[in-house]
Amino acid sequence: MSVALRMSTLYAPTLKEEPAEADLASHRVLLRAGMIRKAAAGVYSFLPLGWRSLHKIEQIVREEMDAIGSQEMLMPAMQPSELWQESGRWELYGPELMRFKDRHGRDFCLGPTHEELVTSLVRNEVRSYRELPLSLYQIQVKFRDEVRPRFGLLRGREFIMKDAYSFHATQESLQEHYDAMSRAYARICERLGLKFRPVEAESGQIGGKVTTEFMALADSGEAALVYCDCGYAANVEAAGTVVPRHPSVTEPRPSRKVHTPDIRTIAELAAFLGIREHDTVKTMAGRTEAGRLVFFLVPGDRELNPIKAGWAVPGVTLLDEEDFAKFGIPKGSLGPVAPPEGTVVVADRSLQSDVAWGVGANENDYHIVDAQPGRDFEVAQWADLIVAEPGDGCPECGAVLKGARGIEVSQVFQLGTRYSVSMGANFSDEDGVDKPFLMGCYGVGVSRSLAAVIEQNYDDAGVSWPATVAPLEVAVLPLMADGEVLEVGERIWRELAEAGIETVLDDRDERAGVKFADADLIGWPFQVVVGKRGLAEGVIEVKDRATGERVTVTLAEAVDHVAAAVRTAKAALAPLTPHP
Ligand code: ATP
Ligand code: MG
């Protein structure tokens, strides 16, 4: 199918001014290039060029899903609350779930994800292990009332996702499909030209334990990652870490209670005592579901990772202001020495051999220095509790972790029986026994990927699209709007389209400077410049947007040259990851 568009009729309203509301390049450029427009915070229209690029990403995702035997379908965006009651997420999901009532007063939500719906679809119809495994996917609009919708398409409240769900009789079968999905996700990133890294992750709202995120590497990314030459890589939310300790005091000393008037923070305490923050120990308080106090102790210069706190003490929540009052404990002076009756003390592993802890005295305006575990207090549990940082030790090999930032473009999860048990979705196994399905779920942020591609491919002039994602592959720019220049331009444009190259003709009556600026802004991978002076010598110029290189080509060779350049650029994005 040939694609030949004219700039004179194309709806691509470009902006000369930088849009004030946009902080990130992708947001700025998508607005400036006339690819998207905002309807409300985190809610966007895709104009024709934005839609074309989005559609290309969808198509790549579709091909990769079909290749691993996942079947495309479409579920409703509007979902009845009953299903979410069954899974328990009507309560758990919180204000991010967009809820509404129909005219009969029945509760509904707009799907942020579709585990409930797909489980309800399959549970009454797939009865036997013989019908498994089964993998279904859709490409659909999703709704999440994000606390902070921002960065344009990167964090919207309405956005496009490819979500897939799989059902299995055995863990081996689930693992096999999870691996196939992971490879398909790597291939998708490769075909989009993304520099990316798969990382170990946290499963958040969805549930389950085994999960990998695919991170497009970008300094503007919201996610912090750590990685190691040994192959270990993780989101810092989930990263294991070996925290280096260099305590100033290495021999036990008698502990002392010190008056520390109005000292509330670690920084104030360190300054007051004239020691490093590294030599203090920070105590954070939580409560178990049964209402028992838990003290988490980490080095004063490091942060407690609340997710790891939950791994160490399942169901724990960190205290809020009200809780402190209720338990009657001084927020700025907590510590493991003589805590309230029944308190569980959990400390970070890195502190295990430290013999002189500077801690709160559980009494306003007092701290204890040189407290020693085993002598002055007991630690009930040693655990990895800390947010990993570059420079820490790798949890797998001990080498030094490096850091990077990324945009989470996709994630794969093994859900196990999280939804099949709560929603009563069973099949009958080989031995005739009813068992809950083992499930996986797999999401690609299609609209977020579009923005991620730009975050990796822009300059001051605009976007420089990978050939696979560009709204069209070539722009022909006749530098005059009439006469031979326009005629030759039109001929090259038509012949390129006939050769299967997506081509736009800038037939507008605009100055050359405007045409060049718009071409660089929108980011067509190749520009064919037809000018009067060149034509006198029988040549045109071809500019490669990515490298900025210009070559002069004879009229006779023009179409073949450009078509070959486009094919080479696309071939360079052929995936490296083998097919599953
Ligand atoms: P995040 O941690 O960034 O909020 P998530 O982990 O909650 O995302 P998933 O539930 O894993 O998101 O959804 C699958 C994919 O959908 C994500 O990998 C991401 O690419 C995309 N996505 C999630 N939330 C948004 C959003 N608000 N706007 C655009 N894309 C999103
Ligand atoms: Mg995710």
Check: If contacts are Cα pairs under 8 angstrom and at least 6 residues apart, what is the relative contact order of the chain in percent?
Finding: 18
Next item on the list: Using only Cα atoms, find the angle between the long axis of helix 558-571 and the longest principal axis of the chain, and express it within 0 to 90 degrees, rounded to the nearest 10.
Entry: 20
Check: Nearest 10 degrees, 0 to 90: what angle lies between the long axis of helix 446-456 and the longest principal axis of the chain (Cα atoms)?
Finding: 80
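Taking the Cα centre as origin and putting +1 on Lys and Arg beta-carbons and -1 on Asp and Glu beta-carbons, what dipole magnitude results for segment 495-537, to the nearest 20 debye?
Details: 5 positive and 10 negative charges, 52 e Å.
With only Lys, Arg, Asp and Glu charged at Cβ, the dipole is about 260 debye.
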Checklist line | Any cysteine of the chain lacking a neighbouring Cys Cβ under 4.7 Å - listed by number | finding: CYS109, CYS189, CYS441
Item checked: Positive-end residue, the chain charge dipole about Cα centroid, Cβ charges, pick of THR283, LEU318, LEU479 -> LEU479
Notebook entry, point to check: If you line up the long axis of helix 512-522 against the longest principal axis of the chain, both from Cα atoms, how many degrees apart are they, to the nearest 10?
Noted result: 40
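Taking loop as defined by DSSP and a crowding limit of 10 other beta carbons within 10 Å, which GluC sites (Glu not before Pro) in segment 522-580 fit?
Taking segment 522-580 and a limit of 10 other Cβ atoms within 10 Å, the loop GluC sites (Glu not before Pro) found are GLU537, GLU549.
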Next item on the list: Could you compute the FRET efficiency for LYS257 and PHE327, with r as their C-beta to C-beta distance and R0 at 22 Å, rounded to 0.05?
Entry: 0.55
Note to self: If a paramagnetic tag sat 7 Å from the Cα of LEU555 along the Cα-Cβ line, which residues of segment 452-488 would have the backbone N under 11 Å from that point?
What the structure shows: 484-488
Checklist line | Cα-projected label distance for SER248 with ALA461, points at 7 Å along beta-carbon direction, nm | finding: 5.7
Item checked: Once the Cα gyration tensor of segment 256-383 is diagonalised, semi-axes √(5λ) in Å -> 21, 17, 13
Notebook entry, point to check: Put a dot 7 Å past each Cα toward the Cβ at SER8 and ARG276; how far apart are the dots in nm?
Noted result: 7.2
Next item on the list: Mind checking the full-extension length gain between PHE100 and ASP23? Use 0.36 nm per residue of separation minus the Cα-Cα distance, one decimal, nm.
Entry: 24.5 nm
Item checked: C-alpha center-to-center spacing [segment 165-228, segment 522-569] in angstrom -> 39
Notebook entry, point to check: ³J(HN,Hα) across segment 219-229 via Karplus (A = 6.51, B = -1.76, C = 1.60, θ = phi - 60°), whole Hz, x for Gly/Pro?
Noted result: 4, 7, x, 6, 8, 9, 10, 10, 8, 9, 4
Next item on the list: Scan around LEU505 for amide H atoms under 5 Å from its own, H built in the peptide plane at 1.01 Å from N, and keep only partners 5 or more places away or cross-chain.
Entry: LEU5, ARG6, MET7, VAL476
Next item on the list: Compute the distance in nm between two label points, each set 7 Å from the Cα along the Cα-to-Cβ direction, one at ASP219 and one at ASP431.
Entry: 5.9
Margin query: Charges at C-beta only: +1 for Lys and Arg, -1 for Asp and Glu. How large is the resulting dipole of the chain about its Cα centre, in Debye rounded to 20?
Written below: 500
Next item on the list: Could you rank the peptides 471-477, 16-22, 111-117, 263-269 by their average count of other C-beta atoms within 10 Å per residue, with the highest value first?
Entry: 471-477, 111-117, 263-269, 16-22
Next item on the list: Give me the distance between the Cα centres of segment 1-20 and segment 238-306, rounded to whole Å.
Entry: 57
Next item on the list: Please work out the FRET efficiency for the pair ARG148 and ARG375, using the Cβ-Cβ distance as r and a Förster radius of 60 Å; give the result to the nearest 0.05.
Entry: 0.80
Check: What is the Cα centroid distance between segment 459-497 and segment 25-63, reported in whole angstrom?
Finding: 21
Check: Per q in 0.06, 0.10, 0.11 1/Å, what log10 I(q)/I(0) does a Debye calculation on the alpha-carbon atoms of the chain return?
Finding: -0.43, -0.97, -1.08
Next item on the list: With +1 on each Lys and Arg Cβ and -1 on each Asp and Glu Cβ, and nothing else charged, work out how big the dipole of segment 256-383 is about its Cα centre, in Debye to the nearest 20.
Entry: 240
Notebook entry, point to check: In this model, which of LYS38/LYS195; LYS282/LYS326; LYS56/LYS101; LYS142/LYS570; LYS56/LYS142; LYS162/LYS435 are farther than 24 Å apart at the alpha-carbon?
Noted result: LYS38/LYS195; LYS56/LYS101; LYS142/LYS570; LYS162/LYS435
Notebook entry, point to check: Put +1 on the Cβ of every Lys and Arg and -1 on every Asp and Glu Cβ in segment 7-85; which of LEU83, PHE46, ALA20 then has its Cα farthest towards the positive end of the dipole?
Noted result: ALA20
Check: Under 15 Å from the Cα of LYS308, which aspartates and glutamates turn up, not counting those fewer than eight places away in the same chain?
Finding: GLU200, GLU202, GLU237, ASP348, ASP384, GLU389
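Each reported figure results from applying straightforward, stated rules to the coordinates on display, with no laboratory input. Since the model is a prediction, treat every value here as computed from it, not as a measurement. When we count neighbours, we look across all protein chains shown, and the Cβ atoms used for this are built from the backbone with ideal geometry, even at glycine.
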